[in-house]
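Step one of this worksheet: look at the structure below.
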Amino acid sequence: MPFREGPLGDLKVPLTWTAAVALIVAGVIAVAFLMADRRETLQEQAYGVTRQTMDTVAKPVSGVIAAPGRWTGLGLDYVRSYFFTASENRRLKTEMAEMRQWRDRALALQDQNERLKSLMGLRTDPPVPMASARVVSDSRGPFANTRLADSGSERGIQVGNPVLNERGLIGRVVGVARGASRVLLLTDIASRTPVMIDRTNARAILTGDGGPNPKLDYLRGVDPIQQGDRVVTSGDGGVVPRGLPVGAAVKGLDGRWRVVLFADQSSIDYVRILLFKDFAQLADQKQLETHSLPPVTTEDPQASILSTPTPPSQPQAAATPTTTGASTGAPKPAQPQPAPTRPAPAKPAAPTEAPR
């Protein structure tokens with residue numbers, strides 16, 4: 001039967017040749033695989049060369065055959081990751097929110113720890129006992145500015161005790177109960193605190209007027225203050241110890257000198273209350289009450305003005321010459337005679353009222 005009349009007669013010649021070449025290549029590859037996989041060998045050297053040739057040819061062929069499968073796997077992974085991106089994004093957002101909460105809490109605890117360390121490190125000279133407290137209430141108004149602390153009479157706190165935070169003085173105690181104490185701030189209109197300029201020792205009264213910066217009244221001296229001078233407590237009156245930091249001096253818009261308080265640089269949450277009543281508690285009262293005085297002597301070192309004086313001796317009736325005077329021939333000085341005493345003048349009688 002001619003080729004044109006057969007079942008493949010409608011195929012074009014190039015396609016027929018391509019199929020024939022592919023069939024021949026497939027046959028060669030099949031024969032090569034059979035030869036590479038045989039167990040018996042007639043010539044070991046010939047078998048080794050054949051096996052090496054087949055491995056060299058099979059490597060790129062296997063890579064080409066396996067490439068579609070590898071590409072298909074990568075495509076499936078990409079599609080799978082694309083479809084699961086939304087759920088992964090939600091999970092990461094949830095973890096991020098939780099981590100932000102823990103970060104904020106850690107920063108707050110770190111700040112609180114540093115402030116408590118600074119507060120516990122407060123020292124005064126001379127040392128004054130202190131009590132720690134936490135501010136639990138805030139009372140504000142156009143004129144009043146007070147705080148309520150959670151320590152009271154059970155800790156030995158009394159009215160008038162100074163109150164500080166880690167920056168400086170904030171006020172004094174004006175009311176005490178068991179478990180609570182009322183603190184009057186320096187900015188309150190009823191606050192009056194004796195202070196001084198650290199640079200010149202010029203005295204003044206820190207007066208609150210309800211604003212954030214109390215004013216300085218009764219400044220004395222020639223050029224006693226300058227911009228930025230440090231203001232501390234003066235201790236005048238014995239109400240507040242001397243040298244507690246208060247603030248820095250600034251010139252207000254009204255032309256008056258005011259003080260930017262150091263205590264306003266941080267929130268007033270934890271405070272230290274100085275158990276200070278007056279300067280007498282800083283001294284040893286037993287030593288102050290002793291009355292022993294040092295001996296004060298006269299010309300005679302053996303005699304003391306604190307000792308009992310001895311009565312003067314009676315003058316002798318007749319002077320007896322001494323041996324030294326007789327031998328030298330010097331006359332003995334005469335004894336001084338006491339001066340005669342005059343009678344005291346009589347007091348005049350009180351005038352009597354004439355009869356009517």
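The values are calculated or read from the model by the stated rules, or taken from the named source; none is laboratory data. Just so you know, these numbers come straight off a predicted model, no measurement behind them. Heads up, the Cβs are rebuilt from the backbone with ideal geometry, glycines too, and the neighbour counts pull from every protein chain shown. Side chains are part of the model used for accessible areas, which takes the heavy atoms of the whole protein and leaves out ligands, DNA and RNA. Shrake-Rupley method; radii C 1.70, N 1.55, O 1.52, S 1.80 Å.
The lone criterion from (1) open to solvent by 10 Å² or more (accessible area, probe 1.4 Å); (2) in contact (Cβ under 8 Å) with a residue 12 or more places away in the chain; (3) farther than 14 Å from residue 247 by Cα left unmet by residue 161 is number (1). So is residue 137 open to solvent by less than 60 Å² (accessible area, probe 1.4 Å), at pLDDT 85 or above and among the hydroxyl-bearing types (Ser, Thr, Tyr) or not? For residue 137, the condition - open to solvent by less than 60 Å² (accessible area, probe 1.4 Å), at pLDDT 85 or above and among the hydroxyl-bearing types (Ser, Thr, Tyr) - is not met. You will find that of 190, 131, the residue that is within 21 Å of residue 244 (Cα to Cα) and not in a loop (DSSP other than H, G, I, E, B) is 131 and no other. Residue check, residue 186 against (1) open to solvent by 10 Å² or more (accessible area, probe 1.4 Å); (2) under 20 Å from residue 140 (Cβ atoms); (3) at pLDDT 90 or above, all met but one. Which one? Of the numbered conditions (1) open to solvent by 10 Å² or more (accessible area, probe 1.4 Å); (2) under 20 Å from residue 140 (Cβ atoms); (3) at pLDDT 90 or above, the odd one out for residue 186 is (1).
Look at the stretch 130-144: where a residue is without any contact (Cβ under 8 Å) to a residue 24 or more places away in the chain and a partner is in a strand (DSSP E or B) and among the β-branched types (Val, Ile, Thr), sitting 6+ places away or on another chain with Cβ atoms under 8 Å, you get 139/146. Scanning the stretch 167-183 for residues that are open to solvent by 10 Å² or more (accessible area, probe 1.4 Å), over 17 Å from residue 261 (Cα atoms) and not small (Gly, Ala, Ser) returns 174, 176, 178, 182. Taken over the stretch 216-242, the criterion of being open to solvent by 40 Å² or more (accessible area, probe 1.4 Å) and within 19 Å of residue 262 (Cα to Cα) is satisfied by 226, 227, 228, 230, 242.
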